[in-house]
Amino acid sequence: MSETYIPLLIYFDKLEQEGVKFRITMNISSPLITMLDDDLLQQRYRKYLLERIWLAKKEIRRTADNKELNDLAKMYYYNFKEYYKVYKNKYGFQLLKGFKHFQDAGFLEILACPATHGFLPLLNVTKNAVRAQICAGVDTYKKYFGRAPKGMWLSECAYVPELQDALSEFDIKYVILESHGITNANPKPLYGTVAPIISPKGIVAFGRDMESSKQVWSSICGYPGDPNYREFYKDIGYELDWDYIKPYVAKSGHRVDTGIKYCKITGKTDYKETYNNSKAMAVAEMQADHFIQSRIEQINKVAPSMVNPPIITCPYDAELYGHWWYEGPYWLYVLFKKIYYNQNTFELITPSEYLEKYPDIQECSPAISTWGAHGYNEVWLNPGNDYIYRHLHRIGERMTCLAENYRTPYPLQERALKQCAREVLLAQSSDWPFIITGNTMVEYAHKRIKDHVGRFNALADMIDKNEINEDYLEDLEEKDKIFPDVNYKIYGD
Amino acid sequence: MLHNKSEYYELPIKYDETVVRLLVQSPKRMYVYWDISDQTIQEFSKKYFDYAKSTPILRIINLTKNYFYDIPIDPFANNYYIDVEDENCEYEVELGRTFHDKFADIYMSNHVTIPNSTPLPFENENEEILFKNYICLDTKKMRVNIPKQRLRQDYGDLPFGIEDNISSNSMK
């Protein structure tokens, strides 16, 4: 919120005020939409921001004898105050209003996403489980953004041809794939990733451009690794005296990030110098120039031989901008301005605008692919996490049976069926196998799988025995309240 | 209100249903899991042979190239990773058991496609290329002027997009 979404909205707003025609495409997932709209989380975040403002104020006093640190403390104080103002006064705690505004104004195209970021190629043995993932994602999108999505961000860019039917059913026009989803397509596309391809059933696929990806993502030479940029891993939450920092970290007593960081990356050394925001901004500006120059060269090389102008698709995780790469939102802001003012080789465009302008697309079947390590499914299917699939498939199938068997449920039964559908969707999140493979919060991921499968099975048994325990159901409805209007009937279609 | 009520669940060890499910891990490897119901075991014993004295087998079937081979598996195993030779092919796996050199099938898996891990060769070098209009979905063949040599050089015959250090997930 403080590092990515609010800074992005602030810069979008500045660009709009300054009359800069910019275009950006973002996915806002259903869980994120739901969290941004949640009263409890809104109140918590409001309190969090007020605490940050207090902490930054304390930091201004604490660092009074060190000008460099003091300037940074003042920067954080100013930023947190601005974030609070934007959050409370501009958007009334509803950041979604901001994103909706920029979409309606034509600057932003928001992509939908499968409901809980389910890894669809591995759920596809139950067709209705895939349809339900897409349906709930699209329904949430429509509810909050007041229109149907044109594109879908497939979880982990994971594509198999079998997804075409479900995507078409929900009127998804295009998806974005990892580069080899295009370059390995059949027949081999003429233009590689600089042109979209269209599948036999009419789903357009744009491919990630490798050169621009590398410029940003590479752990060796990527922009965010510049020594002048802010160091992510040095946070006062871990470094200052416990009694001083205690009120601002986790209530459980664990030290956590506060968002106040004073060091720059410096280099591959434990010794870290003090961060200088002005210098970092200057680096971002230079890198924006470099990015533009690289795109111009790329375009000039391929454009003369193409039927339509090339399109360079540059997808990144949103959290890279601001959270990992503190200067990322500023880099985007400068990049958009420089593209608008300083060159006339190319312009920013959203995928659907491109399709409207250049609707004739080479027909190829996109290749099976993901953007995970090694390009396929190993991250989400390996000996550490493979046990989950027999349970995910089983609950998907049983949900299908429930939806078929109880087509005209009485009200309590309907509530139980909806809750079953929520538990299926939550169990299917690709986060759980990802966390297990990443060896981060492994026990948590195992527990989430057990909980959602366990809750589903318990409720399904109650439905089948016609012995629904309303207290139990109410407890689950309170715990897992995402997708309040979930269309469980889709499992039975 | 029972919110925050503590809950504890364990995953079922088996569901007593006969299933064989095949999943793709990569262009080189598939994953199969299975479960055999008590009823299936009884029926097998009645129909063929003493289930406990037969040997479980996975029959790997390449539907595209029309061949199969068998892998004997441990009677206690309920899942297996299968290395495959041929990319860009459809596969199925049949779970069965052998006894006295005979094979009896129990259950056939879903079928999967093992993808190609490298770009396919260019086709139709001198022919018209199929284009589809994304709005009306009409298709038409167009003769387009493509300096293929150059474009082919640009995106080469390497499986790009799969370098670890630029995968988004490696950053998290």
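The values are calculated or read from the model by the stated rules, or taken from the named source; none is laboratory data. Everything quoted here is computed from the prediction, not taken from an experiment. Here the Cβ positions follow ideal geometry from the backbone for every residue, glycine too, while neighbour counts run over all protein chains shown. The area values use the complete protein model at the heavy-atom level, side chains included, leaving out ligands, DNA and RNA. Shrake-Rupley method; radii C 1.70, N 1.55, O 1.52, S 1.80 Å.
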* So what's the gap between the Cα centers of the range A:9-33 and the range A:194-223, to the nearest angstrom? -> 21
* Rounded to the nearest 500, what is the 222 nm mean residue ellipticity of the protein assembly as shown from helices alone, with -39500 (n - 2.57) per DSSP H run of 4+ residues and division by all residues? => -12500 deg cm²/dmol
* Structure fact -> The Cα radius of gyration of the range A:97-246, divided by 2.2 N^0.38 Å with N its residue count, comes to 1.33
* Asked: Taking trypsin sites (Lys or Arg not before Pro) as exposed when DSSP calls them loop (any state but H, G, I, E, B) and at most 15 other Cβ atoms lie within 10 Å, what is the longest stretch of chain A free of them, the sites themselves excluded?
  -> A:269-406
* A:Ser168 paired with A:Glu474, simple spin-label distance in nm, labels 7 Å along Cα-to-beta-carbon -> 4.7
* Structure fact -> By the mean-Cβ-within-10 Å protection proxy, highest first, B:132-142, B:49-59 rank as B:49-59, B:132-142
* Structure fact -> Here FRET efficiency (C-beta to C-beta, B:Asn66 to A:Glu378, R₀ 35 Å, nearest 0.05) is 0.80
* So which of A:Lys173/A:Lys337; A:Lys150/A:Lys201; A:Lys201/B:Lys28; A:Lys150/A:Lys338; A:Lys127/A:Lys447; A:Lys58/A:Lys81 end up more than 19 Å apart, counting from Cα to Cα? -> A:Lys173/A:Lys337; A:Lys201/B:Lys28; A:Lys150/A:Lys338; A:Lys127/A:Lys447
* Given the pairs A:Lys14/A:Lys264; B:Lys53/B:Lys102; A:Lys47/A:Lys251, which are separated by over 18 angstrom at their Cα positions? -> A:Lys14/A:Lys264
* What do you reckon, how do A:Cys364, A:Cys401 stack up by accessible area (1.4 Å probe), largest on top? -> A:Cys401, A:Cys364
* **10 Å Cβ neighbours from other chains, averaged over peptide A:446-455** => 3
* When we measure straight from the Cα of A:Lys481, which aspartates and glutamates land under 19 angstrom away, once same-chain ones fewer than 8 places off are left out? -> A:Asp37, A:Asp38, A:Asp39, A:Asp139, A:Glu414, A:Glu423, A:Asp431, A:Asp451, A:Glu470, A:Asp471, B:Glu7
* Read phi for every residue in the range A:36-41 and hand back ³J(HN,Hα) as whole Hz from Karplus 6.51 cos²θ - 1.76 cosθ + 1.60, θ = phi - 60°, with x for Gly and Pro. => 5, 9, 8, 4, 4, 5
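Residues of A:185-192, mean number of Cβ from any other protein chain within 10 Å of their own Cβ, rounded to a whole number?
6
With charges only on Cβ, +1 for K and R and -1 for D and E, what is the dipole size of the protein assembly as shown about its Cα centre, in debye, rounded to 20?
1840
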* Structure fact -> Heavy-atom accessible surface buried between B and A, both sides counted, 1.4 angstrom probe, nearest 100 Å², is 7100
* **Cβ neighbours within 10 Å from other chains - mean over B:12-23** => 3
* Over the range B:19-114, calculate the relative contact order: mean separation of alpha carbon pairs under 8 Å at least 6 apart, over the residue count, as a percent. => 35
* Structure fact -> Which residues qualify? For A:Thr25, with a placed amide H closer than 5 Å and at least 5 residues away or on another chain, they are A:Glu109
* Principal axes of the protein assembly as shown: Cα extent on each, largest first, Å -> 87, 71, 51
* Taking Cα centroids, how far is the range A:273-337 from the range B:63-136 in Å? -> 41
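For chain A, what does the relative contact order come out to in percent, with C-alpha contacts under 8 Å and a separation of six or more?
19
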* **Other-chain or far-sequence residues with amide H under 5 Å of A:Phe93's (modelled H)** => A:Lys88
* Which percent of Cα pairs goes in each bin when the distances of the range A:311-434 are cut into 5 angstrom slices starting at zero? -> 2, 7, 10, 11, 11, 11, 12, 13, 10, 6, 4, 2, 0
* **Positive-pole candidate from B:Cys136, B:Thr18, A:Ala427, dipole of the protein assembly as shown, charges at beta carbon** => B:Cys136
* Asked: What ³J(HN,Hα) values, in whole Hz, does the Karplus curve 6.51 cos²θ - 1.76 cosθ + 1.60 give for the range A:161-169 when θ = phi - 60°, with x put for Gly and Pro?
  -> x, 5, 6, 4, 5, 5, 5, 5, 4
